[in-house]
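Since the structure comes first, as structure tokens, the remarks are kept for the end.
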Amino acid sequence: MARRRLAEDHMVAANKKRYPDTAMAYVMIAPIVILLGIFVIYPALQATVLSFYNWSFYQESEFVGLKNFTDVLTDPKFRASILLGLKFVAITLPVQMVGAFLFASLATAVNRRFADVLKVSIYIPTIISGVITSVIFTIIYDYSGGILNALLAKLDLSTQAWLGDPKLALVAIAAPAVWLGMGLTCLIMIAGMLDIPASFYESADVEGANWWQKTVYITIPQLKNVLLYLIITGFVASIQQFELPLIMTNGGPMSSTELPNLFIFNHFRGDPYVGYSIAAALLLFVVLGSVSALIFRVLNSEKLVD
């Protein structure tokens, strides 16, 4: 019995020696876990419950089951906003990724002082408020006094109602979205490129490889995890764009810029029953999660694993 107790005491002492900081680790993560539970987990669970009710601020709620979800799924306006969001992603994400990659390649190829100037210049749009950006680009796009139309007039080209034409409004909003997201994307790419061993490129130089060959066979494969992260986060950020369409067009003209979050917001402030809006938000979450998982599965396939 004494031998068994001695063995147990020895095991406990060994575990304490092996994991000396376990208790401190729990203490350190406790505040963030508590805050996460209060401000994220509990509201998400509460929203899920409310989505099954015909809930209002002004009268007693009524359980309606899946009615809110069926109403959202059968609403052509909601489906149109999702398709519009995917179209917005298709416009903004490729331009942002390619532009950031080229800029990052330039920043890593020049001398350090010039590279610092490039990093600061590309990051400046990131710290500008989306509201301020919306106002600036609205002035640029103004039909009668905007800089863009003034430039077109000097070139003897026809002026355009950039925010008033349903065919142009979404593209007009995509430009400031790319401008805002380029900085952080570029800096993350620069960090990934700097982590690639210089010996890879030196070996390629010995073999006579040009810039394109080094990019295709060294840079892009070595950045696959960084690119995967940026594609998923860029997709989520683009389809959830809210400030730009709200301030610049309020979803118009003819709902041509009413992206999913703006559609949910407009429905929320116009409908006293919030069950529909909550159900739409949860379904949007499902769409985002599903597409993100699909992107992850495709780009993180075995073909890309070292």
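The values are calculated or read from the model by the stated rules, or taken from the named source; none is laboratory data. Source: prediction; values computed, not measured. When we count neighbours, we look across all protein chains shown, and the Cβ atoms used for this are built from the backbone with ideal geometry, even at glycine.
In table form, for the structure just shown:
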| read-out | value |
| --- | --- |
| Among the residues listed as F235, F137, F242, the single one being surrounded by 12 or more Cβ atoms within 10 Å (Cβ to Cβ), modelled with pLDDT of 90 or more and closer than 30 Å to F114 by Cα | F137 |
| Set F57, F63, F39: member being in contact (Cβ under 8 Å) with a residue 40 or more places away in the chain and aromatic (F, W, Y) | F57 |
| Flag if A115 is within 28 Å of the chain's Cα centre (by Cα) and surrounded by 12 or more Cβ atoms within 10 Å (Cβ to Cβ) | yes |
| Unique match (being closer than 30 Å to L227 by Cβ, of a type in the set (G, A, S) and surrounded by 14 or more Cβ atoms within 10 Å (Cβ to Cβ)) among A161, A172, A109 | A172 |
| Test: residue in the stretch 223-236 that is more than 30 Å from W55 (Cα to Cα) and in a loop (DSSP other than H, G, I, E, B) | yes |
| Selection from the stretch 57-92 of residues that are within 30 Å of Y123 (Cβ to Cβ), in contact with a Leu (Cβ under 9 Å, 6 or more places away or on another chain) and not charged (D, E, K, R) | L84, G85, F88, I91 |
| Candidates V216, V206, V178, filtered to the one that is surrounded by 14 or more Cβ atoms within 10 Å (Cβ to Cβ) and either within 30 Å of I128 (Cβ to Cβ) or free of Cβ contacts under 8 Å to residues at least 12 places away in the same chain (or both) | V178 |
| The lone exception for A90 - which of (1) within 30 Å of R269 (Cα to Cα); (2) buried (at least 21 other Cβ atoms within 10 Å of the Cβ); (3) not β-branched (V, I, T) it fails | (2) |
